[in-house]
Every structure is written in structure tokens, then in C-alpha cells.
Amino acid sequence: MSEVRMREAVALAAAAARLPGEVVCAYVPFGTEPGSTALLDQLVHQGKRVLLPIVPDTPGPLEWAVFEGPSSLGPGRLRGLLEPTGRRLGPDTLGTADLVLIPALAVDDEGVRLGRGAGYYDRSLSFAAPDAALIAVVRDAELVRELPAEPHDVRMTGVLTPQHGLAPRPVID
């Protein structure tokens, strides 16, 4: 991990100390996604129940399992992806979360999120509670004015960045 990415991961973990909610769906960073397991550890240290996604064998909504520390992670279905090795709780478990942290390549002022294109989160977010905070996690440079939106896109209610921390979406000028 580069020095810049390490600083970003530290800043995101520090911002996690101020995140609301008792049950948080999060993710283990994959490839160039921002963050680290230090963010997950911070959430657990605060007494939050942390749920992590499991990519299903066939395209569909994500499944979830409880994060019980870095030693509870193992190789996922996708090369390089770490997933929890505990009992699968099913897609509807997302509905128990107060806060959902979602990796993104970019997010715009209206809360439109650009993902990796596989659609796992788009298929999963319909299981979220209506009042759950849907927070895209991006680098500061990945905040953009406008992205194209598709009818199936679920809008984010906020964004978490290393420099700015938690900020609501849509942006109100």
C-alpha cells in the first residue's frame, strides 16, 4: 500500500469513530478501494455489530456475515477479495443495518454512485431499511459534480472521504 493510501486509510478509520449506528454493513477494501481493516476494527472497538458482504456464487444480491476480526477473513469468490468465513446470514440481513458503507469509484453531488459495474450493491440495496444511511466511501478526488444515472441506481444519502469525513448527499447549495 502506498504512503498516500495508508494516510487515507488512517483518516477513514479515524472518521469511523464518529459514525452513527449500532449495526454497520461495511466492506473489506478490494483492489484500489479506499480504506483498510483498521476501519472495521474501529467500528468493532466502538461496540458496533459489523457485517461484511459475501459475493454469491451466481449474480444476485450480496450475502452477509459478521466480522469477528481480521483472522475471521478468508479468500472470497473473486481473486484477491477477502470475505468473512462465518455463517452466511442472507441478503435480507442488510435490513438490520443503521449504516451501510459502500465502496465506490465516484459519487456526485446528488448521491449518484459509480460502482465497479457488476451490480452486486445495486441488487442488494433494496434490502436496506428505509431509514438506513447509505454512505459511499471514496477518495476526495472521486467526488464529482455529476455522474450519469440509470433507473436502477440507488442514491447515496452521504459520502465518507479521508479529508472531509462524513458529508450528506444531495449537496444543498
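The values are calculated or read from the model by the stated rules, or taken from the named source; none is laboratory data. Remember, predicted model here, so these are calculated numbers, not experimental data. All Cβ positions, even for glycine, are placed from backbone atoms using ideal geometry, and neighbour counts span all protein chains on display. When the accessible area is computed, the model is the full protein with side chains, heavy atoms only, and any ligands, DNA or RNA have been set aside. Shrake-Rupley method; radii C 1.70, N 1.55, O 1.52, S 1.80 Å.
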Inset, instruction - Mind listing whichever residues of segment 116-138 are in a loop (DSSP other than H, G, I, E, B), surrounded by fewer than 20 Cβ atoms within 10 Å (Cβ to Cβ) and out of contact with any helix residue (DSSP H, G or I) (no Cβ under 6 Å at 6 or more places or on another chain)? - result: Arg116, Gly117, Ala118, Gly119, Pro130, Asp131
Inset, instruction - Give the residues of segment 130-173 that are of a type in the set (Ser, Thr, Tyr) and within 21 Å of Glu22 (Cβ to Cβ), sorted by residue number. - result: Thr157
Legend entry - Failed condition for Leu160, given (1) in contact (Cβ under 8 Å) with a residue 60 or more places away in the chain; (2) open to solvent by 20 Å² or more (accessible area, probe 1.4 Å); (3) in contact with a strand residue (DSSP E or B) (Cβ under 6 Å, 6 or more places away or on another chain): (2)
Inset, instruction - Look through Pro91, Pro151, Pro103 and report the one residue that is over 20 Å from Pro29 (Cβ atoms) and buried (at least 17 other Cβ atoms within 10 Å of the Cβ). - result: Pro91
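Each row is one residue, and each column tells you yes or no for (1) touching a His at 6+ places or on another chain (Cβ under 8 Å); (2) farther than 24 Å from Ala13 by Cα; (3) hydroxyl-bearing (Ser, Thr, Tyr); (4) in contact (Cβ under 8 Å) with a residue 40 or more places away in the chain.
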{"residue": "Gly47", "(1), (2), (3), (4)": "no, no, no, no"}
{"residue": "Val50", "(1), (2), (3), (4)": "no, no, no, no"}
{"residue": "Asp57", "(1), (2), (3), (4)": "no, yes, no, no"}
{"residue": "Trp64", "(1), (2), (3), (4)": "no, no, no, no"}
{"residue": "Phe67", "(1), (2), (3), (4)": "no, no, no, yes"}
{"residue": "Pro75", "(1), (2), (3), (4)": "no, no, no, no"}
{"residue": "Glu83", "(1), (2), (3), (4)": "no, no, no, yes"}
{"residue": "Ala106", "(1), (2), (3), (4)": "no, no, no, yes"}
{"residue": "Tyr120", "(1), (2), (3), (4)": "no, yes, yes, yes"}
Inset, instruction - Six or more apart or on different chains, Cβ under 6 Å: which pairs go from a residue in segment 6-30 that's open to solvent by less than 10 Å² (accessible area, probe 1.4 Å) to one that's charged (D, E, K, R)? Could you list them? - result: Val24/Lys48
Inset, instruction - Name the one entry in Pro56, Pro34 that is surrounded by 15 or more Cβ atoms within 10 Å (Cβ to Cβ), in contact with a strand residue (DSSP E or B) (Cβ under 7 Å, 6 or more places away or on another chain), over 29 Å from Ala141 (Cα atoms) and at pLDDT below 95. - result: Pro56
Inset, instruction - Check segment 68-79 and report whether any residue there is basic (Lys, Arg), surrounded by 16 or more Cβ atoms within 10 Å (Cβ to Cβ) and over 23 Å from Val138 (Cβ atoms). - result: no
